[in-house]
Amino acid sequence: MPKLLLLSSAVIIAVFVMIDDAASQPQQQPQHFHWNTTNMKFEGDLITEFTRFLTRMIDANASNLSTDPQCLSELLDLTTGLQSNELWALKFIDSWGKLPSGIFAGHLTDLGNFDQCVGIVHKKIKSHYCMAKFPISKSSESNPFGADLRLGLCFPRSCSPSTVNEILQEIIRSDETLVAKCTSNERIPFSAIDWVAIGVFTVFAIIVILSSIYDYRLRKSERSGVELFKAFSLFINFKVLCKMSGNKRSPNVIYCLNGIRSLSIIWIVFGHCYMVVLLLPTNVNSTDILDWLKTPFSMFLQSGTISVDSFFFLSGFLLSWVAFKELEKTNGKLNIPLMYLHRYLRLAPVVAICMLFYVSMYRHLGNGPLWDDYTKAYHLCDKSWWGTLLFVQNYAFPGEMCFGHTWYLAVDTQLYLISPIILIGLYKWKKIAAWAITTVGLMGTACVFTIVVYNGFVAGQSAQTLGGDSTMMRKVYYSTHTRAAPWIIGIFLGWFMFQKRGQRIRMGWMAVAGGWTLCLALLAICIFALYPSNLDGAHKLTSVESAFYIAFSRIAWPLGLSWLVFACTYGYGGFVNTFLSWSIWEPFSRLSYCVYLIHLIVETAHGGVTRSSTYFSDFEMVNRFWGDFGITLLISIVVYLVFEAPMAGVEKALFGKSNSNQTTSAIPSTTQSKEHLCD
């Protein structure tokens, strides 16, 4: 009997015998899993059945199988190598995944040894790695992540995925698709877009080097030179990046915004780090995740979507805070075309560069058994790239967005497009316009409420699906008309503080204490309101209750932030203002746009190169976060110095310090124009 076939059968037999034993003893099943083996049928002795199957495969007269003859031939050669104890042949079987230990703890994947498999060298046979999924259970409310058993397999490369799938189907008597694809270590050939990316990055690198040399020589000769030629100088841009105010604080700058922006982007990166790991099939303690979801700490991640509302609030606030000063100077006029051009030139080039890397060089960064699963989203860019560059992807391609997390930029840009109407209206008609805008904002909130109730959505669904595409995400998460409330509240706060500029607002200690109490209560409610419904035996939220939370949390969160900004600005922030206004936040705040664009590339790549089992815990997650965050920061510094800051310098050299420079909305970043946003 060929050793390959015997060893293969032994692994698979062990899996299904154990599963069959588990299914026959329901009293030993834990609460989290429901084993279902109704789609697996075995007749007689499994070894005998497998032997008969082998005989049919090798028989040249077999006509009921579509197996490639070359695959059969190489399987026979492999069998001969095993009989002779040849190392290359033994590596095939040794690299197979084995039955995982701790199945009832949720350890349902053994990736085997990917590198050993794809690295096998033989004069006749080349290898490739295949991932097999055995449907041993169904997803249920108590097991939302599913429970398919996954094993890594190593086969000759001539055995196509369909052939391997056919072999496994015959063994376990199943019509399920068990193997969809196989992976080898062959380098992906460079395509046209790859060479375009290499050319673009090379040109920018040369320009940066030449600009830096030009600036250096000017400094040595103490000449000013041409500003446009110095825009890409590393000396200038690095100095801008590292600039901190220290004790030289301007009374016209709201420094606490740097801390709010920085902490918000850290929260987003931290939350996405958890999301990537929760999606890993390699966790040896997946059932512990269900218990983790019931902890108070998990609510910072489950409610992490409200961190995006912080940026919508900051966007509206900074826009109005700066625009009203400009309106006062120009007697109610704005250069709207130049505003739009300015914003596009600040956002689009960096997005385009990151997206170019994403659709080209990104797929060459690594490999592994999970690499394709974690990096395949770049294929969405084939048809939706233009939507991202025009910032309409949230409506044009919902659920199929290229560079998906940039949906925020689309929403913020669309709000920016309508901002002149709101800003000029508030400046000229004040209270009448304020009531009209408030009415529109409340209509948006009512729209969210109605959508949630009508569709029967439940709060927390997006967290349970780990941000995956769903009807709920499309209707109440990506759409601009459902995300405008925090932005409008930011507009109103900026308008209020503009009217009170230069004034000293005096408040009694009871009013200050009441403001902080209300602020902390609103923020805490937004984060922890869903916690009781996560506990065992708790009342499950209805769609009406969910509608109240989803709709009004988008008002409560920015209202809490409004007091935070107000108190820190007018001297009632105390140690909170000291912390948020810490000078160290300023350089990071300038990097936050690049961090926002890059962090998911780093985190998904980290998930894609996973080759062994992982353990889920908060400590492990914090440890992983700092690694991802550190790499993201380093790459962000490079992108800022080579692309973001130079493009701002080019714009300044071409257009000068135009009026529109003062009306940039607060994307999650502090570009060079933010240096004078609050002047």
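For LYS248, a cut-off of 18 angstrom between C-alpha atoms picks up these aspartates and glutamates, skipping any fewer than 8 places away in its own chain: GLU586, GLU675, ASP679. When you restrict to C-alpha pairs under 8 Å that are six or more residues apart and normalise by the size of the range 385-426, the relative contact order lands at 36 percent.
Taking the average, over residues, of other Cβ atoms within 10 Å as the packing measure, peptides 568-575, 474-481 rank 474-481, 568-575 from highest down.
Of interest is the spacing of the C-alpha centroids, which for the range 472-512 and the range 533-550 amounts to 27 Å. Sequentially through the range 515-531, phi angles give Karplus couplings (6.51, -1.76, 1.60; θ = phi - 60°) of x, 5, 4, 5, 4, 5, 5, 5, 5, 5, 4, 4, 7, 10, 4, 8, 4 Hz, Gly and Pro residues having no value and appearing as x. Short to long, the 5 Å bins of the Cα pair-distance histogram for the range 587-648 hold 4, 17, 24, 22, 14, 10, 6, 3, 1 percent of all pairs. Relative contact order of the range 313-451, taken over Cα pairs closer than 8 Å and 6 or more residues apart, is 23 percent. If a/c stays under 1.5 just call it rounded; otherwise compare a/b with b/c (prolate if a/b is bigger, oblate if not). Do that for the range 238-356, with a ≥ b ≥ c from the square roots of the Cα gyration tensor eigenvalues. Prolate, since a/c reaches 1.5 and a/b exceeds b/c.
With a Förster radius of 51 Å applied to the C-beta separation of PHE619 and PHE548, the computed FRET efficiency comes to 0.90. Remark on THR183: its backbone amide H falls under 5 Å from those of TYR129, CYS130, a criterion applied only to residues 5 or more positions apart or on other chains, H modelled at 1.01 Å from N.
Amide H neighbours of THR109 under 5 Å, at least 5 residues apart or on other chains, H built in the peptide plane: list them. Those lying under 5 Å, H to H, from THR109 are ARG150. With 31 Å as the limit, write out which pairs from LYS239/LYS500; LYS98/LYS376; LYS431/LYS652 have Cα-Cα distances beyond it, or answer none. The answer is LYS239/LYS500; LYS431/LYS652.
Averaged over residues, the count of other Cβ atoms within 10 Å places the peptides 84-97, 396-409 in the sequence 396-409, 84-97, highest first. Sorted on the mean count of surrounding Cβ atoms within 10 Å across their residues, most packed first, peptides 204-210, 607-613 read 607-613, 204-210. Cross-link partners for LYS124 among the aspartates and glutamates, with Cα-Cα distance under 12 Å and sequence neighbours closer than 8 places in the same chain left out: GLU74, ASP77. Residue-wise HN-Hα couplings along the range 125-136, as the Karplus relation 6.51 cos²θ - 1.76 cosθ + 1.60 with θ = phi - 60° gives them from phi, are 10, 9, 10, 8, 9, 10, 9, 9, 10, 10, x, 9 Hz; Gly and Pro carry x.
Values quoted throughout were computed directly from the atomic coordinates according to the rules given, and no laboratory measurement underlies them. Just so we're clear, the structure is a prediction, and the values are computed from it rather than from any experiment. Virtual Cβ from ideal backbone geometry, glycine too; neighbours counted across all protein chains shown.
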